[in-house]
Amino acid sequence: MAFIPYGRQNISDADIQAVIEILKSPFITQGPTVPIFEKSISNYVNSTYSVAVNSATSALHIACLALDLGPEDSLWTSPITFVASANCALYCGAKVDFVDIDINTGLLDINLLKEKLTKARRDNLLPKVIVPVHYAGSSCNMKEIYALSKEFGFKILEDASHAIGGKLYGEPVGNCKYSDICVFSFHPVKIITTAEGGVASTNNSYLARKMYELRSHGITKDPKFFKNLPSKPWSYEQQSLGFNYRLTDIQAALGISQMQNLDKFVSERNRLWKLYKEKIEGLPISMLNIPQDVISSLHLAVVLINNCDPIKHQLIFSKLREVNIGVQVHYIPVHLQPFYKSIGFKKGYLPNAERFAESVISLPLFPGLNEKEQDYVVSELSKLL
Ligand SMILES: *Cc1c(COP(=O)(O)O)cnc(C)c1O
């Protein structure tokens with residue numbers, strides 16, 4: 001069997017054609033196609049504004065800056081995520097801390113969050129921003145997190161890098177009904193792709209304007225906001241210290257075309273997940289639990305090996321890789337990365353996350369995976385178990 005990765009992009013002829021069109025047009029960097037892509041995201045997720053940037057990492061960074069996160073502040077997130085969910089705090093000079101997960105869902109544990117907030121209020125150490133991570137395409141319980149944000153006074157930045165196309169309470173993830181900003185990633189392993197790329201979605205016009213400015217060097221070209229008056233016909237103003245985080249029209253065209261297939265991708269991922277469920281039945285494995293109010297985009301097919309230990313975990317992982325099955329571990333807990341250890345985090349700090357990471361494996365899951373490949377994955381897995 002040829003190597004089966006855990007995830008892979010799905011590029012159609014229409015996608016390729018859309019990119020070629022842009023290459024033949026006057027604009028190849030950020031031009032008229034980027035706003036069309038932004039509109040298609042906002043229409044889909046039902047948000048007012050979308051700010052397209054060159055990665056979700058950049059989106060998280062400018063989102064934190066727009067939320068005014070700075071050196072006096074702290075940001076809390078989940079340890080079971082990609083490092084970018086935490087790094088964005090450090091880019092702003094803020095402190096980062098983690099809230100442990102619910103081991104059945106891989107999501108931030110709301111009760112532990114509540115406890116930690118209560119304690120932080122006593123110690124006068126409440127966070128300014130909390131980043132719930134919609135792990136594997138699922139969704140955190142946003143109503144509860146929103147209620148806590150009102151009680152404890154923090155901002156909410158959803159990391160929905162895995163979750164475009166997912167639903168919560170029957171509504172699209174990213175509508176920002178219970179958050180300030182929601183970020184998506186379009187890296188090729190995610191649900192749709194622009195090669196590299198990301199979007200920050202919001203309903204708040206001030207936050208949107210801040211983020212549009214920050215992605216382009218902190219420059220505004222809108223005379224309405226000029227400070228050096230009277231302005232000249234050629235005026236543009238740098239009003240903050242921004243970056244070049246722009247998406248190109250080439251990528252935006254790919255994104256617009258990919259959006260046409262988003263619902264198809266998500267339903268195919270759900271179909272494949274259900275098939276895994278049937279095929280795995282009876283094996284000493286638990287499938288990740290998806291909360292009742294959630295329709296997952298199923299970015300990852302996460303399973304947990306029952307009665308696992310680190311040695312068994314590593315053995316199963318390595319043996320699957322040996323037979324060309326591109327399993328992955330999502331994730332090594334962020335606080336155990338050498339960099340995070342160097343700033344003071346220690347093993348034992350987040351026991352649920354650490355235990356989760358010692359039994360978790362992502363099986364291959366992407367549109368285009370066929371049933372023969374799935375059968376092969378399950379049969380190799382059952383041999384090992
Ligand atoms: C992929 C990912 C990111 C970063 O996305 P990029 O577009 O690669 O910068 C951030 N958070 C999570 C949870 C991710 O999976």
**Request:** For the chain, state the average projected area of the convex hull of the C-alpha atoms over all orientations, rounded to one decimal in nm².
**Result:** 20.3 nm²
**Request:** Whole number in Å², please: accessible area per residue of the chain, 1.4 Å probe, ligands, DNA and RNA not counted.
**Result:** 45 Å²
**Asked** Using +1 on the beta carbon of Lys and Arg, -1 on that of Asp and Glu, and nothing else charged, what's the dipole of the chain about the Cα centre, debye to 20?
**Response** 540 debye
**Request:** Could you tell me the convex hull volume per residue, in Å³, taken over the Cα atoms of segment 262-384?
**Result:** 139 Å³
**Message:** Nearest 500 deg cm²/dmol is fine: what mean residue ellipticity at 222 nm does the chain get from its DSSP H runs of n ≥ 4 alone, each adding -39,500 (n - 2.57), divided by its residue count?
**Reply:** -11500 deg cm²/dmol
**Message:** If you average the alpha carbon positions of segment 338-366 and of segment 232-293, how far apart do those two centres end up, in angstrom?
**Reply:** 23 Å
**Message:** Give me the percent of accessible area attributable to carbon and sulfur for the chain, probe 1.4 angstrom.
**Reply:** 53 percent
**Complete:** Given 351-359, 187-195, the highest-first ranking by average Cβ count within 10 Å works out to 187-195, 351-359
**Item:** lysines with Cα under 28 Å of Lys227, excluding same-chain neighbours fewer than 8 positions away
**Value:** Lys210
**Asked** Which loop-located trypsin sites (Lys or Arg not before Pro) does segment 209-316 contain, where loop means any DSSP state but H, G, I, E or B and the Cβ has at most 10 other Cβ atoms within 10 Å?
**Response** Lys227
**Complete:** Whole-Å distance linking the alpha carbon centroid of segment 31-102 with that of segment 109-186 is 12 Å
**Item:** segment 99-141: proportion of alpha-carbon pairs further apart than 14 angstrom, %
**Value:** 50 percent
**Fill in**
Between the Cα axis of helix 56-66 and the main Cα principal axis of the chain, the angle (0 to 90°, nearest 10) is 50 degrees
**Message:** Place a point 7 Å from the Cα of Phe339 along the Cα-to-Cβ direction; which residues of segment 83-111 have their backbone N under 19 Å from it?
**Reply:** 83-99
**Asked** How about segment 192-281: which GluC sites (Glu not before Pro) there lie in a loop by DSSP and see at most 16 other Cβ atoms within 10 Å?
**Response** Glu281
**Prompt:** With charges set only on the Cβ (+1 for Lys and Arg, -1 for Asp and Glu), what does the dipole of segment 173-295 come to about its Cα centre, in debye to the nearest 20?
**Reply:** 200 debye
**Complete:** Listed residues Val360, Val323, Val99; largest mean-square fluctuation, Gaussian network over the chain with Cα springs below 10 Å, found at Val323
**Fill in**
Projecting the Cα atoms of Leu113, Ile62, Ile80 onto the charge dipole of segment 38-116, where Lys and Arg contribute +1 and Asp and Glu -1 at Cβ, the residue farthest towards the positive end is Ile62
**Request:** Give the percent of DSSP beta bridges with both residues in the chain that are antiparallel, rounded to the nearest 5.
**Result:** 65 percent
**Item:** Prolate/oblate/rounded label for segment 122-274 (Cα gyration tensor, a/c 1.5)
**Value:** oblate
**Prompt:** Where the only charges are on Cβ atoms (+1 Lys, Arg; -1 Asp, Glu), what is the dipole of segment 60-205 about its Cα centre, to the nearest 20 debye?
**Reply:** 200 debye
**Request:** May I ask you to list the aspartates and glutamates whose Cα is less than 14 Å away from that of Lys155, ignoring any residue fewer than eight positions away on the same chain?
**Result:** Asp68, Asp73, Glu144, Asp180
**Prompt:** Which of the lysines could be linked to Lys24 by a straight reach, that is with a Cα gap under 30 Å, when you skip same-chain ones fewer than 8 residues away?
**Reply:** Lys39, Lys190, Lys221, Lys264
**Probe 1.4 Å - accessible area at Trp76, Å² to nearest ten** = 10 Å²
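The values are calculated or read from the model by the stated rules, or taken from the named source; none is laboratory data. Since the structure is predicted, the reported quantities are computational estimates derived from the model, not experimental observations. Glycine also receives a Cβ, built like all others from the backbone with ideal geometry; neighbour counts cover every protein chain displayed. Each accessible area value is taken on the protein alone, full model and side chains, heavy atoms only, with ligands, DNA and RNA left out. Shrake-Rupley method; radii C 1.70, N 1.55, O 1.52, S 1.80 Å.
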